[in-house]
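The values are calculated or read from the model by the stated rules, or taken from the named source; none is laboratory data. All figures in this text were calculated on a predicted structure; none of them were measured in a lab. Here the Cβ is made from the backbone with ideal geometry for all residues, glycine too, and neighbour counts use every protein chain on show. All accessible areas refer to the heavy atoms of the entire protein, side chains included, with ligands and DNA or RNA removed. Shrake-Rupley method; radii C 1.70, N 1.55, O 1.52, S 1.80 Å.
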Amino acid sequence: MESKFIELISYVLELDDRTPELGDRFDTYAEWDSLAQLTLIAELDEQFGVTIKGSELRSMETVGDLYRRILAETPNE
């Protein structure tokens with residue numbers, strides 16, 4: 001599941017030159033803007049069946065924070 005999640009982050013942020021890591025802070029990505037956040041929320045719902053509110057996503061600092069949140073709702077994946 002981690003690789004699928006990382007691929008999703010890379011896709012949403014259009015990261016062709018690097019692979020996101022769980023320790024990466026969202027604010028270090030130049031591509032991290034409101035459109036990317038909305039796209040990520042929609043993709044998380046579609047691919048993992050997890051609904052995240054914008055305010056909740058904005059409160060997360062790292063890719064790992066979001067991943068742990070996804071894991072909490074999809075323990076059987």
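Sub-6 Å Cβ pairs linking a first residue in segment 21-49 that is of a type in the set (Val, Ile, Thr) to a second residue that is in a helix (DSSP H, G or I), at least 6 apart or interchain, are 39/12, ordered by first then second residue.
Kindly establish whether residue 25 is among the basic types (Lys, Arg) and modelled with pLDDT of 95 or more. Spelling it out, residue 25 is indeed among the basic types (Lys, Arg) and modelled with pLDDT of 95 or more. Within segment 28-65, the set of residues being in contact with a Phe, Trp or Tyr (Cβ under 8 Å, 6 or more places away or on another chain), over 15 Å from residue 15 (Cβ atoms) and among the aliphatic types (A, V, I, L, M) comprises just one member, 60. Taking every residue in segment 57-77 that is more than 22 Å from residue 34 (Cβ to Cβ) and pairing it with any residue that is open to solvent by 50 Å² or more (accessible area, probe 1.4 Å) and at pLDDT below 95, at least 6 positions away or on another chain, the pairs with Cβ-Cβ distances below 6 Å are 77/1.
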